[in-house]
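**Q** Take a look at the following structure, please.
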Amino acid sequence: MTDERDLGPQPLMLLIESWGLSNHDLVEASPEQLTHKQVQRACQGRKLTLKMKQKLARTLNFAVWGRLTDDEREGFSEYFPKHLFNYSKGFETDVPDINEGVLMSIGERKLRRDFKEELGIE
């Protein structure tokens, strides 16, 4: 049975992989109590509310931003729901990643201590 709420793999999953992150990295970086189940559902294409899409976009930005050096941060542009979900208003297919120039694998890096303190998660 096909459900209209399940929309297949989302660009969010590709971005998480491109940055070398895991679902756990997003949960760890989230100051909004994001769960592993929420991240998994978002990646698999479960249709989400605007509020949840915004929460995931903020969390992805936090997870990436918190691992970048000061110099790398200058070239980073924030992701919005239209970049992460193919059913979001404003989504465009075949558009390169907005951070293509700074995109790298940062999965081995830990969240910066100053960033954790700033968010109040340490």
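**Q** State all residues of region 1-47 that are assigned to a helix (DSSP H, G or I), of a type outside the set (D, E, K, R) and in contact (Cβ under 8 Å) with a residue 60 or more places away in the chain; if no residue qualifies, say none.
**A** Going residue by residue through region 1-47, those that are assigned to a helix (DSSP H, G or I) are 11-18, 23-29, 36-44.
So of that shortlist, the ones also of a type outside the set (D, E, K, R) come out as 11-16, 18, 23-24, 26-27, 29, 36, 38-40, 42-44.
Once the filter is applied, which keeps residues that are assigned to a helix (DSSP H, G or I), of a type outside the set (D, E, K, R) and in contact (Cβ under 8 Å) with a residue 60 or more places away in the chain, region 1-47 yields 11, 12, 15, 18, 29.
**Q** Consider residue 53 carefully, then state whether it is part of a helix (DSSP H, G or I), more than 12 Å from the chain's Cα centre (by Cα) and charged (D, E, K, R).
**A** no
Quick grid of which residues meet (1) out of contact with any Cys (no Cβ under 8 Å at 6 or more places or on another chain); (2) surrounded by 12 or more Cβ atoms within 10 Å (Cβ to Cβ); (3) among the small types (Gly, Ala, Ser):
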position: 5; (1), (2), (3): yes, no, no
position: 24; (1), (2), (3): yes, no, no
position: 43; (1), (2), (3): yes, yes, no
position: 51; (1), (2), (3): yes, no, no
position: 57; (1), (2), (3): yes, yes, yes
position: 62; (1), (2), (3): yes, yes, no
position: 68; (1), (2), (3): yes, yes, no
position: 82; (1), (2), (3): yes, yes, no
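**Q** Tell me, yes or no, whether region 41-53 has at least one residue that is among the small types (Gly, Ala, Ser) and within 21 Å of residue 108 (Cα to Cα). Outline the logic, then answer.
**A** Applying the first criterion (among the small types (Gly, Ala, Ser)) to region 41-53 yields 42, 45.
Applying the additional criterion that residues be within 21 Å of residue 108 (Cα to Cα) yields none.
No, region 41-53 contains no residue that is among the small types (Gly, Ala, Ser) and within 21 Å of residue 108 (Cα to Cα).
**Q** Identify the single condition in (1) at pLDDT 95 or above; (2) part of a helix (DSSP H, G or I) that residue 79 does not satisfy, given that it satisfies every other one.
**A** Condition not satisfied by residue 79: (2).
**Q** For region 85-97, state whether one or more residues are within 13 Å of the chain's Cα centre (by Cα) and either part of a loop (DSSP other than H, G, I, E, B) or at pLDDT 95 or above (or both). Write out each step before concluding.
**A** Taking region 85-97 and keeping what is within 13 Å of the chain's Cα centre (by Cα), we get 85, 97.
With either part of a loop (DSSP other than H, G, I, E, B) or at pLDDT 95 or above (or both) added as a condition, the list becomes 85, 97.
The answer is yes, given that some residue of region 85-97 is within 13 Å of the chain's Cα centre (by Cα) and either part of a loop (DSSP other than H, G, I, E, B) or at pLDDT 95 or above (or both).
The values are calculated or read from the model by the stated rules, or taken from the named source; none is laboratory data. The model shown is predicted, which means the values in this text are computed figures rather than measured ones. Every residue, glycine as well, gets a Cβ built from its backbone with ideal geometry; the counts of neighbours run over all protein chains shown.
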